[in-house]
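The values are calculated or read from the model by the stated rules, or taken from the named source; none is laboratory data. Everything quoted here is computed from the prediction, not taken from an experiment. Glycine gets a Cβ as well: all are built from the backbone with ideal geometry, and neighbour counts include every protein chain shown.
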């Protein structure tokens, strides 16, 4: 089925087989939740640079003796059923920290230790809330929301930690000027390190 059909009718459901039959470029431009396509935002270079630099900081801090990896904008398959959502589902968080695995298979939310989303000042609150709820329901233990100001500099990074009993997040910290984490491994850097030399 051609991508054009979904462009004309975004409510048209998509199966995993039909998704896999799409050209790779088309696959990279979408997310799927409950068998429904969500077109990924066309982020600007500032957003992408912040996400990449954030991933670089996590990658540099990653202990050599831990089997973890870092990805950006990579397909993360959902493993649990959600209220009101059924069918093939995945998201592409801006940054993913995950447990390494040997199998030749897709990255699943059960492999993921942390996700980060870079949020421009004009982002839709509904979209942020949807991902927040979905990631918590999937059991991802740490969710970072990187808020950019109108000048596209990092304003705050909100650190949410999973309450496993309720499958919801609680706000653990609102970081200003510096991000300091101890889990999934120690990492610390100044916001200015991610903002530097952005043009």
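Data table
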read-out	value
Candidates 113, 144 - the one that is under 17 Å from the mean Cα position of the chain (by Cα), assigned by TED's automatic domain parsing to the domain that holds residue 74 and crowded, with 20+ Cβ neighbours inside 10 Å	144
Complete set of residues in region 180-199 that are under 20 Å from residue 66 (Cβ atoms), free of Cβ contacts under 8 Å to residues at least 40 places away in the same chain and either in a loop (DSSP other than H, G, I, E, B) or within 18 Å of the chain's Cα centre (by Cα) (or both)	181, 182
Check on residue 165, more than 15 Å from the chain's Cα centre (by Cα), part of a loop (DSSP other than H, G, I, E, B), over 20 Å from residue 52 (Cβ atoms) and at pLDDT below 95	yes
Of residues in region 33-55 being in contact with a strand residue (DSSP E or B) (Cβ under 8 Å, 6 or more places away or on another chain) and modelled with pLDDT of 90 or more, the one nearest to residue 153 (Cα to Cα)	50
Test: residue in region 122-135 that is in contact (Cβ under 8 Å) with a residue 60 or more places away in the chain and assigned to a strand (DSSP E or B)	no
Any chance residue 74 is assigned to a loop (DSSP other than H, G, I, E, B) and modelled with pLDDT of 90 or more	yes
Per-region count, region 18-34, residues within 14 Å of the chain's Cα centre (by Cα) and buried (at least 17 other Cβ atoms within 10 Å of the Cβ)	4
